[in-house]
Amino acid sequence: MSSVANKLANAAERDSSEAQALISDIRKALVEIRSVAIDFEKDGNSDKVQNLETAALELITSYEDCACFAEAIREVPRVYQPSNQRTDFKKLIEAEASKVKGASPAVQNHPLIRQFREAIWNVHHAGQPMPGDEQEDIVMTSTQTNILNVTCPLTGKPVIQLTDPVRCVDCRHIYDKVPIMHYIRTKKSPKCPIAGCPKVLQVGRVICDSLLHVEIEELRSSGPSALNATNIEDFTDLGDDDDNNE
Ligand SMILES: [Zn+2]
């Protein structure tokens, strides 16, 4: 990496971690709103629940903007091309942000608002499927806000215990940083060690993205039931085929 690229990468890291702090606060606020709404729902106060849902939607809109911005900033060092013309970074960031935005789910279908609605629904209808939900579930579990694997495939360590987690930009699988970097550097064609995942890993594309810590924190705070739920789509393990060279 040239020194300009290095400086850019450092600046991007700093800026996106500020955005990440804001994102993390918004998520915490959403958890608060949800628990207040659950209490209102228990008391049959559906007007107030409705108001809180509206507030949650607004927060999620800001959250998405912020998340897009953070992702976009991270992309800048990758898309930046040195030239003798002055670079319009504002334009560069905006272009990246709209790319990211195009890929994110509509606010009305956002996983976070679904979590909210589900929590409210469960107050009186625990165990019953939410109306109009049957098909959507499948789509939702593959969105980018999900933690796809709950243990590192190399070390078997639970993701919530990793001090240095990283995630593959392409397949979204999560690993312990030091072992996965070693794995990538020492294999000729370092396939993602999650069984069945066809992606080949590259150092620059296995990173601690702006949402990773937030999502891990959420997983941690949502307790054991959420861990089980996540396990269903976790096709991990078989971590010991490490020494098979491909
Ligand atoms: Zn993978």
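The values are calculated or read from the model by the stated rules, or taken from the named source; none is laboratory data. Just so you know, these numbers come straight off a predicted model, no measurement behind them. Because the Cβ atoms are built from the backbone with ideal geometry, glycine has one as well, and the counts that use them run over all protein chains shown.
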Could you look through region 191-208, keep only residues that are surrounded by 20 or more Cβ atoms within 10 Å (Cβ to Cβ) and within 23 Å of A9 (Cβ to Cβ), and pick out the one that is nearest to the ligand (Cβ to nearest atom)?
L201
Taking interchain pairs and intrachain pairs at least six residues apart, which have beta carbon atoms under 9 angstrom, with the first residue in region 178-194 and without any contact (Cβ under 8 Å) to a residue 24 or more places away in the chain and the second more than 14 Å from the ligand (Cβ to nearest atom) and in a helix (DSSP H, G or I)?
I184/V203; R185/V203
Restricting region 214-246 to residues that are modelled with pLDDT under 80 and closer than 26 Å to A70 by Cα, which is farthest from the ligand (Cβ to nearest atom)?
S221
Within region 40-54, track down each residue that is exposed (fewer than 14 other Cβ atoms within 10 Å of the Cβ) and of a type in the set (D, E).
D43, D47
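On the given criteria, is R185 modelled with pLDDT of 90 or more, of a type in the set (K, R) and within 18 Å of the chain's Cα centre (by Cα)?
no
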Quick check: is even one residue across region 170-179 away from the ligand (no atom under 13 Å from the Cβ), at pLDDT below 90, surrounded by 17 or more Cβ atoms within 10 Å (Cβ to Cβ) and outside the structural domain of E118 (by TED's automatic domain parsing)?
no
Assuming K157 fulfils every condition listed in (1) at pLDDT below 90; (2) more than 16 Å from the ligand (Cβ to nearest atom); (3) surrounded by 14 or more Cβ atoms within 10 Å (Cβ to Cβ) apart from one, which condition is it?
(1)
